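Everything on this sheet refers to the single structure shown next.
The values are calculated or read from the model by the stated rules, or taken from the named source; none is laboratory data. Nothing here was measured: the structure is a model prediction, and the numbers come from that model. Cβ sites come from the backbone with ideal geometry, for glycine too, and all protein chains shown count toward neighbours. The protein model used for the area step is the full one, side chains on, heavy atoms only, and it has no ligands, DNA or RNA in it. Shrake-Rupley method; radii C 1.70, N 1.55, O 1.52, S 1.80 Å.
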Amino acid sequence: MAGFRGWLAQFQQARTPLGDLARLAAGDPAWPDGPDRLQTYTDYRERAGASTAALQNLVDAWVLYAAHDKTATAHAHRR
């Protein structure tokens with residue numbers, strides 16, 4: 001499992017909003033596997049009736065993911 005969903009999986013044990021989102025994604029068989037864009041997940045969560053706080057949590061998680069993905073990509077290009 002790659003992309004945002006795969007990245008989220010590592011936080012399932014965290015007792016934080018990020019962990020809450022990770023557990024939600026892991027337990028939801030309809031959670032999108034892509035395309036790997038914030039809008040994909042925002043649209044999905046809005047259709048599911050997510051609260052404003054839940055949507056903000058998603059955006060916060062995406063920012064962390066994007067920063068991680070950028071770092072990982074930069075390291076891969078240096079090899």
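Would you pick out the residues in region 27-45 that are touching a helix residue (DSSP H, G or I) at 6+ places or on another chain (Cβ under 7 Å), charged (D, E, K, R) and at pLDDT 95 or above?
Of everything in region 27-45, just one residue is touching a helix residue (DSSP H, G or I) at 6+ places or on another chain (Cβ under 7 Å), charged (D, E, K, R) and at pLDDT 95 or above, namely 45.
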Count of region 36-61 residues which are open to solvent by 70 Å² or more (accessible area, probe 1.4 Å) and within 15 Å of residue 8 (Cα to Cα):
2
List the pairs whose first member sits in region 30-53 and is closer than 17 Å to residue 66 by Cβ, whose second member is of a type in the set (D, E, K, R), and whose Cβ atoms are under 9 Å apart, counting only residues at least 6 apart or on separate chains?
32/5; 32/43; 34/5; 36/5; 36/69; 41/5
